[in-house]
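What follows is a set of notes on a single structure, which appears directly below.
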Amino acid sequence: MPRILEPAEITLRLKAVPGWKQEGSFITKVYSFNTFMEGVDFIVRIAGVAERMDHHPDIHVRYTTITLAVQTHSEGGVTRRDFELAEAIEESSVRWKRTR
């Protein structure tokens, strides 16, 4: 099992995934879209990434705003796997038009 990362290591790794931040025992990011369906399409896209990695984010949908929260549930905190997932989501989402 991967180990829970120390706070300093989390802070350092967050620099590699713009927009992500630590909230408690999760790393999170909020994505905004022009329409509800753009957000749903984004979820479908990242669901494929998560399934291939066998590591799944918590997803909260609020109309055109999608919030992802990631932790290694079996460890109860943030591990390297969470950053690997965040990086893969970022790579996958580069082509998506996001609004802020």
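Only the coordinates and a few stated rules stand behind these numbers; no lab work does. Keep in mind that what you see is a predicted model, and the values were worked out from it rather than measured. Here Cβ is always computed from backbone atoms with ideal geometry, including for glycine, and neighbour counts include all displayed protein chains.
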Item to check | Enumeration of residues in the range 23-39 that are closer than 17 Å to Ala69 by Cα and in contact with a strand residue (DSSP E or B) (Cβ under 8 Å, 6 or more places away or on another chain) | outcome: Glu23, Ser25, Phe26, Ile27, Thr28, Lys29, Val30, Tyr31, Ser32, Gly39
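So which strands (runs of 3 or more DSSP E) are wholly in the range 11-100 and hold at least 3 residues that are surrounded by 14 or more Cβ atoms within 10 Å (Cβ to Cβ), hydrophobic (A, V, I, L, M, F, W, C) and in contact (Cβ under 8 Å) with a residue 24 or more places away in the chain?
26-32, 65-70
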